[in-house]
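Participant: Okay, handing you the structure first.
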Amino acid sequence: MNAEVKAPEVINNFINGNFKPSTSNALDVLSPLDGSVIAAVPLSTYADLDEAVQAAKKAWKGWSAMTLKERSQYIFRYRNLLLRDRDQLSELVHRENGKTIEESRAEVDKSIELCEFACSMPQIVSHEVQEVSKGVECRIERKPLGVVASIAPFNFPNMVPNWTVPNALVLGNCVILKPSEVVPLSSLKIAELLKEAGLPDGVFSVINGGREIVEGICDHPDIKAVSFVGSTKVAKLVYVRATSHLKRCVALGGAKNHLIVLPDAHPEMTASNVVASMAGCAGQRCMAAAVMVGVDKVQHIIDRMCEEAHKLVPGQNLGSVISKEAKERIEGFINEAEKAGAKVLVDGRNTVVANKEGGFYVGPTIIDNVTPDMRIAKEEVFGPVISIIRAKDLDQAIEIENANPYGNAAAVFTQSGGVAKEVMERASAGMIGVNVGVPVPREPFPFGGWNDSKFGTCDITGKSSIEFWTQSKKTSVKWNPEAKINWMS
């Protein structure tokens, strides 16, 4: 008996507390697991966006008038709903993104942690008050901006929206979320749960679409701030366009993370960490290991890496990449590197998973003898592929790391504290790992890179997000007319 084929879901926008269809054209959404059509997502218009913005403007007056404590209670209830629906949310991520179910659960668990941080805002956001002169008091308060927008990528359809939405909401803003058009299901579930948590209508909206909505968000005069996560090419365009309309923007781009491995590194721990960093989430994360810089005699560690890579089985403990085009692009990088003289030690090309022949899979791939001038050493591959570049000493290794234009993360594997400290000080990256392959800071520490990995100031997570999502109001007060007057009063 054939398994029942589930009809594709019809995706609606979420505006003013209601799910509402768009009259625009729709785009098929494919599951990368097997290539099946799972949804039809509208390519919404500027009119759809404006409707959401107008509803948000109307809702903002009441929402911003609440205290931090009152607003945090909505996110506390939402956090409990994420926990209640953890399995369903994980299955959505698995189906629309292609992650393994274990990776999808980890993503939802991170979203729960992000909400817990947002709920702590009443204890973190404190106003400054000081008597600066006799009878004169100065005060600084953090005030919300108004209507803000978050543009999210395909690789973390549940987590990245929760990077921005809970913090921005608790801080008093109304939020427009624009998810990637290839993974719209998780964002609509987020809207459903926020509504169940009692969030007032208009405070949160989801507008599906493509380029027109991204440009509309950048251009709309009533949107005060924009966060973006995606490729560096688009991040630059979004940052320039949004700031040209005099709004705040922080745009996170791509990466080319280098992991420097020294001969004294613990072989087993290093090999497992490097391969996990390379292949976790099928390499589709901006914190993935892209280049291993092997310093001097590290062949014994490379051999162990190959053993670890062979333990990864596509369709089982290694998920799919997002699309057929992504698979072809990744395999193209490997082909080109091999033709240029690199040696493919573990080959993930032409991977097909039984009973999922329509899926988009690339096996783990380790490429040795890569040189810094090769394209695979310079451009973001965004797949389960790592290039090995050899360096004669630590200085050359750091020089190779710093020559790449990105600056999201860098890591060093060594048992020497002095070597680790030198890499920590000299590596040109915003997030550094020591014997950690994916050095993502945990709350309350913010996520954010340097160089071509980030455009704008502040961060959109952790304590740094408070400054991005708010503005300061400074008040000076004098009630005592008898106080001695000087230049300060």
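Participant: Can you give me the ranges of the strands (runs of 3 or more DSSP E) entirely in segment 163-243 with at least 2 residues that are farther than 25 Å from residue 82 by Cβ?
Facilitator: 223-229
Participant: I'd like to check which strands (runs of 3 or more DSSP E) are fully inside segment 1-101 and have at least 3 residues that are over 30 Å from residue 142 (Cα atoms).
Facilitator: Filter on segment 1-101 gives 18-20, 26-30, 37-42.
Participant: Inspect segment 126-133 for any residue being among the hydrophobic types (A, V, I, L, M, F, W, C) and not in a strand (DSSP E or B) and give the result as yes or no.
Facilitator: Scanning segment 126-133, I find no residue that is among the hydrophobic types (A, V, I, L, M, F, W, C) and not in a strand (DSSP E or B), so the answer is no.
Participant: Can you pull out the residues in segment 104-115 that are surrounded by fewer than 21 Cβ atoms within 10 Å (Cβ to Cβ) and in contact (Cβ under 8 Å) with a residue 12 or more places away in the chain?
Facilitator: Once the filter is applied, which keeps residues that are surrounded by fewer than 21 Cβ atoms within 10 Å (Cβ to Cβ) and in contact (Cβ under 8 Å) with a residue 12 or more places away in the chain, segment 104-115 yields 105, 109, 110, 112, 113.
Participant: Please determine, by comparing only the residues of segment 362-396 that are of a type in the set (A, V, I, L, M) and part of a strand (DSSP E or B), which one is farthest from the chain's Cα centre (by Cα).
Facilitator: Residue satisfying both the conditions and the ranking: 391.
Participant: Would you mind telling me which numbered condition in (1) under 29 Å from residue 441 (Cβ atoms); (2) surrounded by fewer than 14 Cβ atoms within 10 Å (Cβ to Cβ); (3) without any contact (Cβ under 8 Å) to a residue 12 or more places away in the chain residue 67 fails?
Facilitator: Against the list (1) under 29 Å from residue 441 (Cβ atoms); (2) surrounded by fewer than 14 Cβ atoms within 10 Å (Cβ to Cβ); (3) without any contact (Cβ under 8 Å) to a residue 12 or more places away in the chain, residue 67 comes up short only on (3).
Participant: I've got another one for you. Please pick out the residue among 255, 288, 251, 279 that is in contact (Cβ under 8 Å) with a residue 60 or more places away in the chain and over 17 Å from residue 153 (Cβ atoms).
Facilitator: 279
Participant: For residue 469, which of the numbered conditions (1) in contact with a Ser or Thr (Cβ under 8 Å, 6 or more places away or on another chain); (2) outside the structural domain of residue 268 (by TED's automatic domain parsing) fails to hold?
Facilitator: (1)
Participant: Let me ask something else about it. Going through 276, 271, 242 one at a time, which residue ends up being buried (at least 24 other Cβ atoms within 10 Å of the Cβ) and of a type in the set (A, V, I, L, M)?
Facilitator: The match here is 242.
Participant: Find the residue count for segment 302-314, including only residues that are touching a Ser or Thr at 6+ places or on another chain (Cβ under 9 Å) and in contact (Cβ under 8 Å) with a residue 60 or more places away in the chain.
Facilitator: So the answer is 1.
Participant: Could you list, in sequence order, all residues of segment 349-378 that are surrounded by fewer than 21 Cβ atoms within 10 Å (Cβ to Cβ) and aliphatic (A, V, I, L, M)?
Facilitator: 352, 353, 354, 374 - these are the residues of segment 349-378 that are surrounded by fewer than 21 Cβ atoms within 10 Å (Cβ to Cβ) and aliphatic (A, V, I, L, M).
Participant: Please enumerate the residues belonging to segment 200-219 that are over 26 Å from residue 407 (Cα atoms) and either crowded, with 22+ Cβ neighbours inside 10 Å or not assigned by TED's automatic domain parsing to the domain that holds residue 76 (or both).
Facilitator: Within segment 200-219, 202, 203, 204, 205, 206, 207, 208, 209, 213, 216, 217 qualify.
Participant: Among the residues of segment 21-41, how many are acidic (Asp, Glu) and closer than 19 Å to residue 211 by Cα?
Facilitator: Going through segment 21-41 one residue at a time, the tally reaches 1.
Participant: Might you let me know whether segment 253-267 holds any residue that is assigned by TED's automatic domain parsing to the domain that holds residue 311, under 14 Å from the mean Cα position of the chain (by Cα) and farther than 17 Å from residue 404 by Cα?
Facilitator: For segment 253-267, residues assigned by TED's automatic domain parsing to the domain that holds residue 311, under 14 Å from the mean Cα position of the chain (by Cα) and farther than 17 Å from residue 404 by Cα: absent.
Participant: Follow-up question, since we're still on this one. Looking only at segment 425-439, count how many residues are surrounded by fewer than 16 Cβ atoms within 10 Å (Cβ to Cβ) and among the hydrophobic types (A, V, I, L, M, F, W, C).
Facilitator: Counting residues in segment 425-439 that are surrounded by fewer than 16 Cβ atoms within 10 Å (Cβ to Cβ) and among the hydrophobic types (A, V, I, L, M, F, W, C) gives 1.
Participant: Sticking with this one: Residues 346, 381: which one is touching a Cys at 6+ places or on another chain (Cβ under 8 Å) and surrounded by 16 or more Cβ atoms within 10 Å (Cβ to Cβ)?
Facilitator: 346
The values are calculated or read from the model by the stated rules, or taken from the named source; none is laboratory data. Since the model is a prediction, treat every value here as computed from it, not as a measurement. With ideal geometry, Cβ positions are generated from the backbone for all residues, glycine too; neighbour counts draw on all protein chains shown.
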